[in-house]
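What follows is one structure encoded as C-alpha cells, with my remarks underneath.
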Amino acid sequence: GREWHLTARPQGWPAPDGFALREAPVRTPGPGQILVRNLHLSVDPYMRGRMDDRKSYVPPFRLDEPMDGGAVGVVVASEAEGIAPGDHVLHGLGWREYATLDARHASKVDPSLAPLTTYLGVLGMPGLTAYAGLLEVASFKEGDAVFVSGAAGAVGSQVGQIARLKGASRVVGSAGSDEKVRLLTEEYGFDAAFNYKNGPVSQQLKEAAPDGIDVYFDNVGGDHLEAAIGSLKVHGRVAVCGMISQYNATEPPAAPRNLALVIGKRLRIQGMLVGDHSALRPKFVEEVSGWIRSGELKYHETVVKGIENALDAFLGMLRGENVGKMVVSLDD
Ligand code: NDP
C-alpha cells in the first residue's frame, strides 16, 4: 500500500517537495492485531505543528516514515477478539492505504448510524473540541453572546451552532470568504458574520456585536484575539483552541497589544486540548447526533478523492479551501 512520508521539515508554508508518497509492504497482523484498509483520512491543522522538530503535546512526525493521523477503515484481517473482517474502525494510522495495528488502539464505528466520514468530523475529534471547548473551557451559559473565528471550519461551524442551540443571546462568526460568511448566517443560523479579509477584525467585530461578547472561541489567534479582547465584556471568557494564523509563521507573531484589558475586565483566557475532555464524549455524541437527526445542526464536509491528493487536501485546508471538515476519501 502507499503511504505519505515527511522527507524534510518545512520552514514556513510546507511545500510538496518535502513530502513523498511511497509504496510499503502490507504487514500481516500479529496476535491482538488487525489489518485495516483505510477508507477516509483526516487532515487537521495540528499536523502542521508535528512537521516541526520541537517538543509539543504530540511528538513530531519522523522523517522518511509514514505520517499518522485520524482514519476510518474496514477490517480486512483480524487476529483480535471482538473485531472481525468487515467491521469498520476509527484509529490513528492515517496518511496511508493500509494500516496494521493493535486492536486496542482502534474503536469500532457503525456506518448504519452515521456516514463514516462524520467520525472524523462532526461526531469525532473536531466535534468534541467544539462541544467541550464551548461548554467546559469557556463555561458557556444561556444568554451569553459568543464570537467564534474559523467559523466555517469543522470546529468553528459547530461551536456557533451549539451556542445557538444552547440559548446564546447572539452568535457571531468570522471566516475567510464572502461565500463562507453567507453560509454562516443563512444555513448555520449565526446572527452575524464577517469576512476577516474585508477589513480590520476589531472594527468588523464591533459592528457585528455592538453590545460586546461574553465568550470568544479562538481558532485563529493574532488580530482576532486582539479584537475579541477589545469586545469582551467584564468577566468574559476565552477558550483558546487554535491559532491557525500563525502555524506557518517564520517570525514570532505580535502579541495582542491590548492584553492589559484582561485586568480591568477580569477576563479568563484558557487553552484547551481535546484529549482532556474524553469523559464528555458520550454526552457529546448523544446530544449532537440528536441535533443532526432533527436537522437543528448542519454540517458540511469537503471531500478530496485519492491518497495521491492527501497532501494537497492538507495544504488546501491550511489555505481555507475547505468548508467544514476536510477529508480524504480512498474508496473507489
Ligand atoms: P478548519 O476546518 O477550521 O480548517 C482550517 C481553517 O482555518 C481554514 O478553512 C481557513 O478558513 C482557516 N484559516 C487558515 N489560515 C487562516 C488565517 N491566517 N486566519 C484566519 N483563518 C485561517 O480546521 P479545524 O476545525 O480542524 O481546526 C480549527 C482550529 O481548531 C485550528 O486552529 C486547530 O488547530 C484547532 N484545534 C484544536 C484542538 C485542540 O485540542 N486544542 C483540536 C482540534 C482543532 P478561512 O477560509 O476562514 O480562512
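For this structure, a couple of remarks:
- Breaking point among (1) without any contact (Cβ under 8 Å) to a residue 24 or more places away in the chain; (2) hydroxyl-bearing (Ser, Thr, Tyr); (3) surrounded by 21 or more Cβ atoms within 10 Å (Cβ to Cβ), for residue 56: (3)
- Considering only residues in region 207-240 that are in a loop (DSSP other than H, G, I, E, B) and out of contact with any Ser or Thr (no Cβ under 8 Å at 6 or more places or on another chain), the one that is farthest from the ligand (Cβ to nearest atom) turns out to be 211.
- Residue list for region 172-183, restricted to those being over 17 Å from residue 201 (Cα atoms) and aliphatic (A, V, I, L, M): 183
- Wholly within region 93-206, strands (runs of 3 or more DSSP E) carrying at least 1 residues that are within 25 Å of residue 271 (Cα to Cα) and either of a type outside the set (A, V, I, L, M, F, W, C) or more than 10 Å from the ligand (Cβ to nearest atom) (or both): 145-148, 170-175, 192-195
- Test: residue in region 71-80 that is hydroxyl-bearing (Ser, Thr, Tyr), assigned by TED's automatic domain parsing to the domain that holds residue 6 and without any contact (Cβ under 8 Å) to a residue 40 or more places away in the chain: no
- Residue check, residue 234 modelled with pLDDT of 95 or more and crowded, with 16+ Cβ neighbours inside 10 Å: no
- Close contacts from region 132-146, counting a first residue that is in contact (Cβ under 8 Å) with a residue 40 or more places away in the chain and in the same structural domain as residue 271 (by TED's automatic domain parsing) and a second that is of a type in the set (Gly, Ala, Ser) and in a helix (DSSP H, G or I), with Cβ to Cβ under 6 Å and a gap of 6+ residues or different chains, come to 146/163.
Yes/no per residue for (1) among the hydrophobic types (A, V, I, L, M, F, W, C); (2) under 19 Å from the mean Cα position of the chain (by Cα):
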| position | (1), (2) |
| --- | --- |
| 218 | no, yes |
| 255 | yes, no |
| 261 | yes, no |
| 270 | no, yes |
| 274 | yes, yes |
| 279 | yes, yes |
| 295 | no, no |
| 301 | no, yes |
| 308 | no, no |
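- Residue match in region 88-108 (condition: free of Cβ contacts under 8 Å to residues at least 24 places away in the same chain and farther than 30 Å from residue 166 by Cα): yes
- Taking the listed residues 6, 21, the one that is crowded, with 20+ Cβ neighbours inside 10 Å and either closer than 16 Å to residue 68 by Cβ or within 24 Å of the chain's Cα centre (by Cα) (or both) is 6, with no other qualifying.
Let's see how each residue does on (1) within 18 Å of the chain's Cα centre (by Cα); (2) surrounded by fewer than 22 Cβ atoms within 10 Å (Cβ to Cβ):
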residue: 85; (1), (2): no, yes
residue: 94; (1), (2): yes, no
residue: 99; (1), (2): no, no
residue: 106; (1), (2): no, no
residue: 111; (1), (2): no, yes
residue: 120; (1), (2): yes, no
residue: 165; (1), (2): no, yes
residue: 173; (1), (2): yes, no
residue: 187; (1), (2): no, yes
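The values are calculated or read from the model by the stated rules, or taken from the named source; none is laboratory data. Worth saying up front: this structure is predicted, and the values here are computed from it rather than measured. FYI the Cβ positions are ideal-geometry reconstructions off the backbone, even for glycines, and counts take in every protein chain you see.
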